[in-house]
Amino acid sequence: MARLHHRTALSGDPLTAEQRLRLLREKDQRAALADRQKVRVALYVLARPDADTNDAERRMAEALGASNRRGWQVAFRAADDTGDLAPALRPQLARVHDAVSSQRIDGLVCASRVDISNDDSLYADELNWLRSRGGFLALARNEVAL
């Protein structure tokens, strides 16, 4: 049974890093939401300096749509325009972290994992940080759909 965590159910092929991270994120989300009737979230996007000027707005709309489909209450919206700066150095993500730590929100919703990091290690660190505080990350697009 433990091998199923390392291989896909049908093919026996090893899971990709993106698939493992998606399973971890989804497991953390289920655990964080267990027994909660009201879920409060922050919407978060990372604006890229070289992106279309409407990119951040589109990404925020995707995050809002994902939150609305789940019936979650949006406490606030946050966006950093720091580019690929490490998540720990982003001021608006720090604001989100503070809200998770103080239990003003239960988690955050992003359009995709690129709002956190393309780097698997940094992304996993964020998931671990959220889990350690009882929070979660939800995405409009899963890890394999960047």
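The values are calculated or read from the model by the stated rules, or taken from the named source; none is laboratory data. As the structure is a computational prediction, the values presented were derived from the model and not from experiment. All Cβ positions, glycine included, derive from the backbone under ideal geometry; neighbour counts span all protein chains shown. In case anyone asks, the SASA skips ligands and DNA or RNA and just uses the protein heavy atoms, side chains included. Shrake-Rupley method; radii C 1.70, N 1.55, O 1.52, S 1.80 Å.
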7 Å from Cα along Cα→Cβ at both Gln73 and Ser102: what's the point-to-point distance in nm? 1.6 nm
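In deg cm²/dmol and to the nearest 500, what is the mean residue ellipticity at 222 nm of the chain if only DSSP H runs of at least 4 residues count, each as -39500 (n - 2.57), divided by the residue total? Walk me through the intermediate numbers first.
Values: 4 runs with 57 residues, N = 146.
The per-residue figure over the chain is -12500 deg cm²/dmol.
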Note: Asn142 to Ala34 extended length (0.36 nm per residue) minus current alpha-carbon separation gives 36.8 nm
Quick one: work out the % antiparallel among DSSP beta bridges in the chain, nearest 5. 5 percent
Calculate the length of the line joining the C-alpha centroid of segment 36-60 to that of segment 85-146, in whole Å. 12 Å
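When the accessible area of the chain is computed with all protein chains present and a 1.4 Å probe, what percentage of it is carbon and sulfur?
Details: 4050 of 8020 Å².
About 50 percent, which is the carbon plus sulfur part of the accessible surface.
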Calculate, for the chain, the solvent-accessible area per residue in square angstrom, rolling a 1.4 angstrom probe over the heavy atoms of the protein chains. 55 Å²
Listed residues Arg113, Arg20 arranged by accessible area, highest first, probe 1.4 Å: Arg20, Arg113
